[in-house]
Amino acid sequence: MLGFFFGGIMIEINDERENIDNIDNMIFDLLVDRLDPVMKIGEIKSKNNMPIEDSKRENSIYARIDARFSEKEAKYLKEIYQSVISASKKVEGNEL
């Protein structure tokens, strides 16, 4: 009986992991789509001797998150977006 109980739990967990994998694949595609405009912005900034850092833009992204999502969701998304923004700045500066 115990094996069935844990087996059922594992089936449920695996189903949820499959949902996560499907969502992750969509996120991967969207992040790759995001890469092209990030590279273009980097080129524009480079040609015009503009700094990569744009705290006003970063703050506006975080403000959009705060305005759109619950406190828990916003905290989660901002944690993720710190990495997205950091990687984007590296791409803009040709470091990545």
Test set (1) in contact (Cβ under 8 Å) with a residue 40 or more places away in the chain; (2) within 17 Å of LEU30 (Cβ to Cβ) - TYR76 fails condition number: (1)
ALA63 vs. criteria surrounded by fewer than 14 Cβ atoms within 10 Å (Cβ to Cβ), small (Gly, Ala, Ser), in a helix (DSSP H, G or I) and at pLDDT 95 or above: yes
Subset of region 83-96 that is modelled with pLDDT of 95 or more and exposed (fewer than 13 other Cβ atoms within 10 Å of the Cβ) - its residue that is nearest to ASP29 (Cα to Cα): SER83
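If a residue must be part of a helix (DSSP H, G or I) and either in contact with an Asp or Glu (Cβ under 9 Å, 6 or more places away or on another chain) or within 20 Å of ASP33 (Cα to Cα) (or both), how many such residues does region 66-96 contain?
Of the residues in that region, 16 qualify.
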Looking only at region 34-50, and only at residues there that are part of a helix (DSSP H, G or I) and exposed (fewer than 10 other Cβ atoms within 10 Å of the Cβ), the one that is nearest to the chain's Cα centre (by Cα): ASP36
Where a residue in region 52-66 is in contact (Cβ under 8 Å) with a residue 40 or more places away in the chain and its partner, wherever it lies, is outside any helix (DSSP H, G or I) and surrounded by 10 or more Cβ atoms within 10 Å (Cβ to Cβ), with Cβ under 8 Å and at least six apart: ILE52/GLY93
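Taking LEU30, is it part of a helix (DSSP H, G or I), aliphatic (A, V, I, L, M) and loosely packed, with under 13 Cβ neighbours inside 10 Å?
yes
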Residue match in region 11-25 (condition: surrounded by 10 or more Cβ atoms within 10 Å (Cβ to Cβ) and in contact (Cβ under 8 Å) with a residue 40 or more places away in the chain): no
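The values are calculated or read from the model by the stated rules, or taken from the named source; none is laboratory data. Since the structure is predicted, the reported quantities are computational estimates derived from the model, not experimental observations. Here Cβ is always computed from backbone atoms with ideal geometry, including for glycine, and neighbour counts include all displayed protein chains.
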